[in-house]
Amino acid sequence: MAASLPGGGAEEAGENGRKSPRTPKHWALKERLAELVRGLPPGRSLPGERVLAVEHGVSRSTLRRALAELTAEGRLTRVQGIGTFAGEGKLTQRLRLSSYTEDMRGHGRHPTAALLDASIGAADPELALRLGIRSGDDVLRLRRLRRADGEPMAIETARLPLGRFPGLAHHVGDGSLYRVLWERYGVALDHAEETIETALAAPAEAALLGTDVGALLLLLSRHCFDTEGRPVEWVRSVYRGDRYKFVATLVAPRTEN
């Protein structure tokens, strides 16, 4: 016999007597909307939430959950205060030690950057260890909004040892930081350690990226080293989860016979 659940509905017994979870209310709606979006060209506007809720006979909260998941999957694009549009799909970015500028040009997009903040502060013990400097030494913090064809894509916050790169803030424009490091300081990057996590957009981040508060973001932390093995920068970036996916080539470890 099916077990009753609080709030109505039931779980049915499945294989080995285990209970199968209920299908969420928004799931069927999400599938219907996904089918609708497949027939639309990228950028085509969808009806407003009120209209969609009435057409499909669902509550606004159920509709918003379905829209949020389709947006996270890249099938929809939502612009604050404007509306919801058929998405262009996610940019597929291969994980490698390259600059944002190079990556976007590789996709045929025009990359630009807006400098949000350039400030100097003292390194705490953890940051000092990452950058190979002493605790309390000056660190340059560069925070930039990265765009592609004018569309906000990521917020990047880099920290570099000021003693090694004096005057760097005056040379960072809307191009590649890595190019500046090479052309003005003779520093070439060799390798990096990178981690990828998920995060939710805080109000300030959502405003800069033109997305909803609580929208899914990809949080990348990168620790870069030069050809001599010296640490160069510690950078944390948040990318729009509805516009990006990352891929990597995996190689099996060599084994001895």
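The values are calculated or read from the model by the stated rules, or taken from the named source; none is laboratory data. Note that this is a predicted model, so its numbers are computed, not measured. Backbone-built Cβ (ideal geometry, glycine too); neighbour counts: all protein chains shown. For accessibility, only protein heavy atoms count, side chains too; no ligands or nucleic acids. Shrake-Rupley method; radii C 1.70, N 1.55, O 1.52, S 1.80 Å.
Observations, loosely collected:
- Accessible surface of the chain, 1.4 Å probe, proportion on carbon and sulfur as whole %: 50
- Region 171-257 shape via C-alpha gyration tensor axes, a/c threshold 1.5: oblate
- Relative protection proxy for 161-170, 246-255, from highest mean packing down: 161-170, 246-255 (other beta-carbon atoms within 10 angstrom).
- Total formal charge among the other residues, if their Cβ is under 12 angstrom from that of Leu97, Lys/Arg +1 and Asp/Glu -1: -4
- Answer label for Rg/Rh (Cα atoms, Kirkwood Rh) (calculated), chosen among (i) 0.97; (ii) 1.08; (iii) 0.93: (ii)
- Three-way shape label, region 32-163, alpha-carbon gyration tensor, a/c 1.5: prolate
- Estimated [θ] at 222 nm from DSSP helical runs (n ≥ 4, -39500 (n - 2.57)) normalised by residues in the chain, nearest 500: -7000 deg cm²/dmol
- About its Cα centre, the dipole of the chain is roughly 580 debye, where the only charges are +1 on Lys and Arg Cβ and -1 on Asp and Glu Cβ.
- Summarising the amide proton neighbourhood of Phe246: residues at separation of 5 or more, or on other chains, whose placed amide H is nearer than 5 Å comprise Gln93.
- Between region 29-98 and region 171-239, the alpha-carbon centres lie 28 Å apart.
- Rolling a 1.4 Å probe over the protein chains gives Glu228 an accessible area of about 150 Å².
- Anisotropy class of region 31-82 from Cα gyration tensor, a/c 1.5 cut: rounded
- The mean sequence distance of close C-alpha pairs (under 8 Å, at least 6 residues apart), as a share of the length of the chain, puts its relative contact order at 16 percent.
- Accessible area of Arg146 in the full protein assembly, 1.4 Å probe (Å², nearest 10): 10
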